[in-house]
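Comments concern the structure below.
The values are calculated or read from the model by the stated rules, or taken from the named source; none is laboratory data. Fair warning: this is a prediction, and the values are worked out from it, not measured in the lab. Ideal geometry is used to build each Cβ from the backbone, glycine not excepted, and the neighbour counts take in all protein chains shown.
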2 protein chains.
Amino acid sequence: MAPTDLLSRLRARHWRLSAQRRAVAEVLAGDHVHLTAEQVHDLARERLPEISRATVYNTLNELVAMGELAIVDVVDGPKRYDPNVTAHHDHLVCEGCHAIRDVPRSTPPPRVSGSAAGGFLLTGVEVTYRGLCPECARRHGLPAAHATRDR
Amino acid sequence: MAPTDLLSRLRARHWRLSAQRRAVAEVLAGDHVHLTAEQVHDLARERLPEISRATVYNTLNELVAMGELAIVDVVDGPKRYDPNVTAHHDHLVCEGCHAIRDVPRSTPPPRVSGSAAGGFLLTGVEVTYRGLCPECARRHGLPAAHATRDR
DNA sequence: TTCTGAAGTTAGACATCTTCTAATACAGGA
DNA sequence: TCCTGTATTAGAAGATGTCTAACTTCAGAA
């Protein structure tokens, strides 16, 4: 089975690994990482102070194109990058602070009937749960979180 | 039951309706509308040439805050605005041209187990299907669309 | 080792999308 | 009509992401 760790996967692909690319890949190590490009840049600079924004964006875009990195869209604010592309999972996004939590995909994802798809060639499904994290719920004066209600 | 038409809903709410706001609301009438802010501005200007960009953004943001308008996120490019908030439906987004198609939600949406939600107060679920529309599939030299495969 | 071409990196300009600011205009109640 | 709060406006500014052109580094050939 293919390694689940980003750096190992890149090595296995014989991706040309410069110091800059390694810094980006290292920052993105881990399973529950959802950083913005800016955050990646800041963290990468701690390892390699001279790394430029353009290189970070170039690298992120390449990794996405290679399928080694997924984009998580939060609606507000910049894109987040998720290195966990091997384990299918969904996301739970806090509407208050935009924190993201991974949610394992227990049931098979929903499907579109052929007629509803209307000739579209489907390539993927994303499920995004919206809500308030415990802290934001408290800040909004809402009761402790237990109920789930469909929107 | 609440009216499904945006303008009627706004009237029912006694929303202060200026000429500018009416122009925006009229542009957004319909069930399968997924316009960008720029497109809303352009169309609104056909009715009211002096309407400003800031007013369009203000109005869209208010409508979203009121829950009368939903944001559809396409990952690339600007946000789209969807006035159909009464009929639960999902979206099918073309990765090539960013066209959006509404998909009726036939099966109940997936749920998160309480433990996976980890204290989040859930407010909604979105399902986004990604794929290629018939034209983009053809342009990419892909076969006619019938198969659906999970990512 | 040195050369060479391809690929990677960089700073900064630029493009795009959205929000903010401060001034002005307007709507509806007293 | 006047007053007060809200809506609107142009343009500046902010946030995010991409492009350009020069420079550097690397891998392989000689």
Considering each residue of segment A:107-122, count those that are more than 7 Å from chain B (Cβ to nearest Cβ) and in contact with a Leu (Cβ under 8 Å, 6 or more places away or on another chain), and give that number. 0
Residues of segment A:1-58 that turn out to be farther than 29 Å from A:C97 by Cα and more than 9 Å from DNA strand C (Cβ to nearest atom), as a count: 11
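Condition check: more than 16 Å from DNA strand D (Cβ to nearest atom), in contact (Cβ under 8 Å) with a residue 12 or more places away in the chain and closer than 30 Å to A:P134 by Cβ. Does A:R101 satisfy that?
Considered against the rule, which asks whether it is more than 16 Å from DNA strand D (Cβ to nearest atom), in contact (Cβ under 8 Å) with a residue 12 or more places away in the chain and closer than 30 Å to A:P134 by Cβ, A:R101 comes out as yes.
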Could you tell me whether A:D90 is more than 7 Å from chain B (Cβ to nearest Cβ), farther than 21 Å from B:G77 by Cβ and modelled with pLDDT of 90 or more? yes
Filtering segment A:64-82 down to residues that are more than 14 Å from DNA strand C (Cβ to nearest atom) and aliphatic (A, V, I, L, M), which residue is nearest to the other protein chains (Cβ to nearest Cβ)? A:I71
Show the residue pairs that are 6+ apart or on different chains and have beta-carbon atoms under 6 Å apart, the first residue being within segment B:68-97 and within 16 Å of DNA strand D (Cβ to nearest atom), the second being in a loop (DSSP other than H, G, I, E, B) and of a type in the set (D, E). B:D73/A:D73; B:V75/A:D73
Given (1) modelled with pLDDT of 90 or more; (2) within 16 Å of DNA strand C (Cβ to nearest atom), where does B:C97 come up short, assuming only one miss? (1)
Going through B:A29, B:A12, B:A44, B:A25 one at a time, which residue ends up being more than 14 Å from DNA strand D (Cβ to nearest atom) and without any contact (Cβ under 8 Å) to a residue 40 or more places away in the chain? B:A12
